[in-house]
1. Would you pick out the residues in region 58-68 that are closer than 18 Å to ASP10 by Cβ, of a type in the set (A, V, I, L, M, F, W, C) and either open to solvent by less than 40 Å² (accessible area, probe 1.4 Å) or modelled with pLDDT under 95 (or both)?
2. Starting from region 74-85, take each residue that is on the phi < 0 side of the Ramachandran plot and list its partners that are among the small types (Gly, Ala, Ser), counting only C-beta distances under 6 angstrom and pairs at least six apart or across chains.
3. May I ask you to verify whether TYR54 is touching a Phe, Trp or Tyr at 6+ places or on another chain (Cβ under 7 Å), among the aromatic types (Phe, Trp, Tyr) and modelled with pLDDT under 95?
4. Got a sec? Which strands (runs of 3 or more DSSP E) wholly within region 1-57 have at least 1 residues that are open to solvent by 50 Å² or more (accessible area, probe 1.4 Å) and closer than 25 Å to GLU77 by Cα?
5. Considering only region 69-90, state which residues are among the aliphatic types (A, V, I, L, M), at pLDDT 85 or above and open to solvent by 100 Å² or more (accessible area, probe 1.4 Å).
Amino acid sequence: MAHFAKINKDNIVETVIVISNQDITVNGQENEQAGKDFIANVLKLDGTWIQTSYNNMFRGRYAGIGFTYNKSKDIFEDLRPLPKPELKIE
C-alpha cells in the first residue's frame, strides 16, 4: 500500500490516505507522480499531495496529521510543541 499526505499552504499535514500499489505502479516501479495523478483524476481530490512511507523508508518519517513537510530537506517533521504536564498540588 502507498500512503500520501495532503499538506496545506503552510506545509502542515491535514490528512493521510492509502492507495493500492497497483494504482501508482509504472513499468513495475512505484511512481509518486502516478499517485498524485490517481488522487486528482480518479479520487477527484484537490490539494498538494506528497508520498510518505509507513515504514520510514524515505522522507524521514511517516507523515502524521499536524506534522510539517520540510521542502528543503524533503522530510516530514513533528514540530508541534510537546504538551506541558499538569502539576497537581494537594
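1. Correct list: ALA63, PHE67.
2. Close Cβ pairs satisfying both conditions: ILE75/GLY60; PHE76/GLY60; PHE76/ALA63; ARG80/GLY66.
3. The answer is yes for TYR54.
4. 13-19, 48-52
5. Correct list: LEU79 only.
The values are calculated or read from the model by the stated rules, or taken from the named source; none is laboratory data. Predicted model, so just to flag it, every value in this text is computed and none were measured. In this analysis, Cβ positions are derived from the backbone assuming ideal geometry, glycine residues included, and neighbour counts consider all displayed protein chains. For accessibility, only protein heavy atoms count, side chains too; no ligands or nucleic acids. Shrake-Rupley method; radii C 1.70, N 1.55, O 1.52, S 1.80 Å.
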